[in-house]
Amino acid sequence: MWRCEPGLDSKRTPVADQLTAPWSELVDDVLSADFRDWLTDGTGVDVRSVRSTVGLYIFGDGDYTTVDTGKVSKALSFGLYLNETWDPAHGGAFQVFTHKAPDAEPVREIVPIGGRCVTMTPTEHTWHRIQRVDTGGAVSRLLLMVEFWRD
């Protein structure tokens, strides 16, 4: 998995300045007060005055995350999928679990199709992972993640 951080402490980083105009504008949009208001209204979690980070992620073949709950110091995580299309056979789904166990099966899967988003407030019960990506080298899984921190 490859990651860059175009937003840190609710501000643009020099990485954002190296992005092409559409990507740079997207970073500005998710750092904006309008975006925070929209998320607060849509989720009921007030993120208007907390610190945020913005990450761009590329998952290649073999990349995945393990089942965990996420950092409970986050007020909210917002993931926006950036691939225009995605074949479910390529894996990479966001999977939700009721518990962590070697034989646990996901109770929900969200295919990372462009324009879809996922929000979550981590707790000791928000078991999730990103399924292993296997596209045969055809495409990478792209994700913009905005995290809002309680601290």
note = Of the residues in the stretch 117-151 that are in a strand (DSSP E or B), open to solvent by 40 Å² or more (accessible area, probe 1.4 Å) and not hydrophobic (A, V, I, L, M, F, W, C), the one that is farthest from residue 98 (Cα to Cα) is 119
message = Looking at residue 30 and the list (1) under 25 Å from residue 108 (Cβ atoms); (2) surrounded by fewer than 17 Cβ atoms within 10 Å (Cβ to Cβ), which single condition is not satisfied?
response = (2)
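The values are calculated or read from the model by the stated rules, or taken from the named source; none is laboratory data. What you see is a predicted model, and the numbers here were worked out from it, not measured in a lab. Counting neighbours? That spans all protein chains shown, and the Cβs are built from the backbone with ideal geometry, glycine included. Side chains included, ligands, DNA and RNA excluded: accessible areas come from the protein's heavy atoms. Shrake-Rupley method; radii C 1.70, N 1.55, O 1.52, S 1.80 Å.
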